[in-house]
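The values are calculated or read from the model by the stated rules, or taken from the named source; none is laboratory data. Predicted model only: the values in this text are computed from it and were never measured. Because the Cβ atoms are built from the backbone with ideal geometry, glycine has one as well, and the counts that use them run over all protein chains shown.
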Amino acid sequence: MAGGGNNRSRLLLVILLVTSLFLITLDLRGVSITKNSRNATQSFLAPIQRGVSDLFSPVGNFFSDVKNFGKTKTELRDLKRENAKLRKKVILNKDTTGQLKKLKNVLDLAGRGSYKVVSARVIGKGSSYTFSQTITIDAGSNDGVKKDMTVMGELGLVGVVKSTTATSAIVLLMSDPTFRIGVRIARSQSIGVLMGEGDSNYALQLLDPSGSIEKGDVLLSLGSDNNKPFVPGLPVGYVKDVKNTSATLTQEASVRSYSNLGSIGVVSVIVKSTNGGPKDALIPRPTPTPTTTIYVTQSPTPEASPSQSSKAKN
Amino acid sequence: MIQEAAISKINFPISGFSLYLCVLLGLMALEDKFGAIALGFIGGIILDLSPSSDSPFGKWSLILTLVGYLFSRNRESIGDFTERPVAFILFVSAGATSTLLIFLIFGIILGENNGAILNNLQTVVGNGIWTLLFSSILLPGLVKLRQFTLTSRERI
């Protein structure tokens, strides 16, 4: 039996070997059957293969992931750190862009007024427990900043230098309740005193009993001797409301400042002003508001109703 | 299909692992002489039909028929693999390595360009190592499957 089995398997071996060699010969001779059979297999298996491939795709990098696990972790930590740095940089860039824009406006205003200025960044704001409204700027006596110099923002007056160190200065904001400044109404040339009230509102009291104030009047700084503490011609604010009180000799008004002191980032300290100042050159020009035009088109005449026409016939 | 869609995509260190060869050689090792030769030929034809195969059609069938014959010859001297799992694993791993070596030698005979010898040897050795590692997981299941498909006459 065993010998018969051996013979059978030997015969099978020979047949299969010959078949294989025959197939190899056919393939090497370029018979298309073999090529076609491979193509047919490919077209049959492709859709299934695609599905299996999708199913097994996550395991593709299993070994490399395991091998690089520690490395990946370190890389991830490094990338997170780098990302945080870049985010900081982006925020800083945005801040710098904002500050640059403000600085440009400040310099534009200073240029129009022919003021010689020292620009500075606001590096601190006075604490509320001191009850005084101040800011700290990063320019000091080394930069030519001295006490009682006018400080301006992108839209007008901000305050006055209260004290200086070599590299910084403290500015008393115009909103401080102790702040007083002589102002001139651009329209009527009446003069008065503007007082801070601790918030964004200011009180104006005219000095001339015959002077007139109107809502929307622009106030400019009157100026001081030797331009200290205030240079002349700097926009201060505009009249928000006129108080009609018969009890006082002079007119009073409520004023709103041009500068938004709450979001101030860059300021300029006026170190020198031209003789006589810019006069009225710095009066803010009102921005034109777009006008709405409405066109009225006549609608077509409605046709007479059937009841009306029958009445007409009768 | 699983071999090409999944296993081949895994970036194994050193070299790849052929699940198909491992299973086929495991099955061939469990068969008798006649079965091993027939299974080798059929397995070879399937490999030849593989679209990714670049060798002449019939080459795999020729090699695996020969390997089937060699398996059946050596199996008789080793005895029953179901009782000697370690020998079974070593046998299959050695078989996988030998198959690839024979494939390379036949390639040289047929004038095929298989690339640098060092790379080829790395592939052969790497495949042998991975077969050794994976066959210890796969082959017990294969033995059980084989026992399940045996006819009652074969069981006796």
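A few remarks follow.
- Residue within segment A:161-176 that is in contact (Cβ under 8 Å) with a residue 24 or more places away in the chain and over 23 Å from residue A:269 (Cβ atoms) present: no
- Scanning segment A:198-218 for residues that are within 30 Å of the chain's Cα centre (by Cα) and without any contact (Cβ under 8 Å) to a residue 40 or more places away in the chain gives A:199, A:216.
- Subset of segment A:221-266 that is closer than 24 Å to residue A:122 by Cα and hydrophobic (A, V, I, L, M, F, W, C) - its residue that is surrounded by the most Cβ atoms within 10 Å (Cβ to Cβ): A:234
- Of all residues making up segment A:5-21, the number that are under 18 Å from residue B:63 (Cβ atoms), facing chain B (nearest Cβ under 7 Å) and surrounded by fewer than 16 Cβ atoms within 10 Å (Cβ to Cβ): 1
- Summed over segment A:249-267, residues that are farther than 26 Å from residue A:138 by Cα and without any contact (Cβ under 8 Å) to a residue 40 or more places away in the chain total 0.
- Some residue of segment A:75-83 being at pLDDT 80 or above, within 60 Å of the chain's Cα centre (by Cα) and within 30 Å of residue B:16 (Cβ to Cβ): yes
- Output for segment A:1-47, where each listed residue is closer than 30 Å to residue B:71 by Cα, modelled with pLDDT under 80 and among the small types (Gly, Ala, Ser): A:2, A:3, A:4, A:5, A:9, A:37
- Test: residue in segment B:76-99 that is within 14 Å of another protein chain (Cβ to nearest Cβ) and surrounded by fewer than 14 Cβ atoms within 10 Å (Cβ to Cβ): yes
- Residues (surrounded by 15 or more Cβ atoms within 10 Å (Cβ to Cβ) and either at pLDDT below 80 or β-branched (Val, Ile, Thr) (or both)) located in segment B:128-137: B:129, B:131
- Residue tally, condition among the small types (Gly, Ala, Ser) and surrounded by 12 or more Cβ atoms within 10 Å (Cβ to Cβ), over segment B:107-127: 2
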